[in-house]
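Comments concern the structure below.
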Number of protein chains: 2
Amino acid sequence: MTEAADSHWIAVDWGTSNLRAWKMAPDGTPIEGRDSPKGMGALDPDAFEPTFLDLAGDWLPENRTTVAVACGMVGARQGWVEAAYAAVPCPPHDLTRFVRAPVRDRRLSFQIIPGLSQASPADVMRGEETQIAGLLHRRPKFDGVLCLPGTHTKWAHISAGEVVSFTTYMSGEIFALLSGQSVLRHSVQSDGWSDEDFAEAVEEILSHPERLAARLFGIRAGSLLSGLTPDRARARLSGCLIGLELAGSKPHWLGRDVVLVGSEALSSRYARALALCGLSAETANATELTLAGLTAAHAHLTREGTPL
Amino acid sequence: MTEAADSHWIAVDWGTSNLRAWKMAPDGTPIEGRDSPKGMGALDPDAFEPTFLDLAGDWLPENRTTVAVACGMVGARQGWVEAAYAAVPCPPHDLTRFVRAPVRDRRLSFQIIPGLSQASPADVMRGEETQIAGLLHRRPKFDGVLCLPGTHTKWAHISAGEVVSFTTYMSGEIFALLSGQSVLRHSVQSDGWSDEDFAEAVEEILSHPERLAARLFGIRAGSLLSGLTPDRARARLSGCLIGLELAGSKPHWLGRDVVLVGSEALSSRYARALALCGLSAETANATELTLAGLTAAHAHLTREGTPL
């Protein structure tokens, strides 16, 4: 075994519904990635170590301790071990708050990165702070807003290397519930799309957010009465919810640089909606930022000589 | 058998998820009521007649034809037989549009009342038109707004004996999905309540509807960070959704008399929210209005000599 191969470490993103791990070269290049559906939501505290070893045990040489650095819900109160939130304003990562999980296997040192909290308005994140750290690692002087679209979309205001404030929007989860389980499911089953309906809905709700309550059932009525097609109905539903989110997050994005960090499909919807507000957003790859953030954290841990 | 007992008829409210039938005296007094979970949503067209006969077949004497008058989703395109919507503005019931279901049993004449539609903004109702007819039967000169809270709350503007316009809000269904299936389910499991949190949420969203998107996740964050109790969280969720509905329906209720027609618990929440807007709403019993509407329809059918 060569020296380089011997000094790899493991990057981990352990969310509610899945677990992803990468064998990493010291310089932050991923050597191999694996994932598992064994998210934190399905595991008792005792099950984390065996689950991790099942997925990545063969990445642990016998002759040394290998470091794993993990972000996400693994550090929640219901996770492996609680990594208490750091309160904003603060840098996205604070080494002194990382928590070492209680492992039995002597080959492994498992470090958990805490999430961030905000006292007022109350809010929390776990995992996204590492993507923010990744962006700041690449662009230390970044001053603007990160939007991380997903089930629970986060908008975070970043300045002077710190997360100043952030807000979570449930638009993604509400879209999933309404399109999959409400009366609207009959109207929006489609893989298609209509840019025009999306734009109309975004613009209407952006200027009249109070209309959301009625516009949602209007999608069902439109498909019953006037043949609104499923592509158009789906685009309208998405436009209504993203429109409400942009109306609510306006204080975050108005007059600031925005970087979108999420899946390509969802980021492009947000980019289009922001373009309707006259704002041109950049996009960044979520997995790349997660790995950049975990790599920066690993480098700091190593440099600081924190007992791993 | 006396003459009176022999001239009963049957009132039917056949919705998506259940079927209710009452044996009715000619003057509209309910003699007996029964219900069944066999709603329209679970039945093929062929199954409606046997389902009805299972529930109420013993109310059909051999020696004559008994009339049943039904409202609700039984008249939807996916129901027993379609009773095409009447378009507002129009009276809630139009006898010429009632549809007779195709029955095999000669003891039965089954009349279906059509729902109402609105072209723009697109909207539909089935069942609530009969509660409106019930109110107008009791108070022919009523001029104001009916609010029928439920899974899909309807607000209808009534004037000169007609439904002028109406709007459907999905607040009830969204409350059920968010409290039962979203991340908020961890925070709102309670039978308790907090009037103060409800009022705060109604007032905030009424004046700032765009904040809804963030306030929902704020309920989860509040329970994680500051010990927001499940009663308070549940009241906040309800207040956010009813607040958005009142913000959207303001053109309906502003400066008008409002009558609330729904379950006692839900109507009292709406009454409290409206009181925060300086509006004192009356309440009426939903089942009583349904029976009054069906009785008025039956009386008209009999009087008009429509071939039953």
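Data table
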read-out	value
Peptides B:29-41, B:78-90 ordered by average Cβ neighbours within 10 Å, highest first	B:78-90, B:29-41
23 Å Cα cut-off, lysine pairs counted over the protein assembly as shown (separation 8 or more, or different chains)	8
Cβ-vector label at 7 Å, B:Asp257, separations to other copies in nm	6.2
Volume per residue that the Cα convex hull of the range B:156-210 spans, once the total is divided by residue count, Å³	149
Value at 222 nm in deg cm²/dmol, rounded to 500, when DSSP H runs of n ≥ 4 in chain A each add -39,500 (n - 2.57)	-12000 deg cm²/dmol
Rough spin-label spacing in nm, given labels placed 7 Å along Cα→Cβ, for B:Glu62 and B:Ser207	7.3
Label point distance in nm, B:Ser280-B:Arg303, each placed 7 Å from Cα along Cα→Cβ	3.4
Zero-based 20 Å bins, Cα pair distances in the protein assembly as shown, whole percents	18, 42, 26, 12, 2, 0
Computed FRET value (nearest 0.05) for A:Arg100 with B:Asp231, which takes r as the C-beta separation and R₀ as 45 Å	0.75
Net length gained if the chain between A:Asn18 and A:Glu162 were fully extended (0.36 nm per residue, minus Cα distance)	49.0 nm
Summed side-chain charge close to B:Val261 - residues other than B:Val261 whose Cβ falls under 10 Å, Lys, Arg +1, Asp, Glu -1	-2
Separation of the B:Ala42 and A:Arg107 label points, Cα + 7 Å toward Cβ, nm	5.5
Estimated FRET transfer efficiency (A:Ser7, A:Ser120; beta-carbon r; R0 51 Å; 0.05)	0.70
For the range B:170-277, radius of gyration divided by Kirkwood radius, i.e. Rg to Rh on alpha-carbons	0.96
Accessible surface of the protein assembly as shown [probe 1.4 Å, protein heavy atoms]: carbon and sulfur percent	49
In order through the range B:115-132: 3J(HN,Hα) via Karplus (6.51 cos²θ - 1.76 cosθ + 1.60), integer Hz, x for Gly, Pro	x, 10, 10, 9, 6, 8, x, 4, 7, 9, 9, 9, x, 5, 4, 6, 5, 5
Cα-based equivalent ellipsoid, the range B:106-234: semi-axes from gyration tensor eigenvalues, Å	37, 18, 14
Within the range A:71-111, backbone nitrogen closer than 15 Å to the virtual label 7 Å beyond the Cα of B:Gln189 toward Cβ	A:78
Gained length - B:Arg139 relative to B:Thr151, 0.36 nm times residue gap less alpha-carbon distance	1.7 nm
Reciprocal mean inverse distance between Cα atoms of chain A - Kirkwood radius, Å	20.7
Using alpha-carbon coordinates, inclination of helix A:212-225 to the longest axis of chain A, degrees	60
Most mobile of A:Thr96, A:Thr51, A:Thr290 in a GNM of chain A (Cα contacts under 10 Å)	A:Thr96
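The values are calculated or read from the model by the stated rules, or taken from the named source; none is laboratory data. For clarity, every value in this text was computed on a predicted model and none was experimentally measured. Reconstructed Cβ throughout: ideal geometry from the backbone, glycine too, with neighbour counts over all protein chains shown. Areas reflect the complete protein model, heavy atoms only, side chains present, ligands, DNA and RNA absent. Shrake-Rupley method; radii C 1.70, N 1.55, O 1.52, S 1.80 Å.
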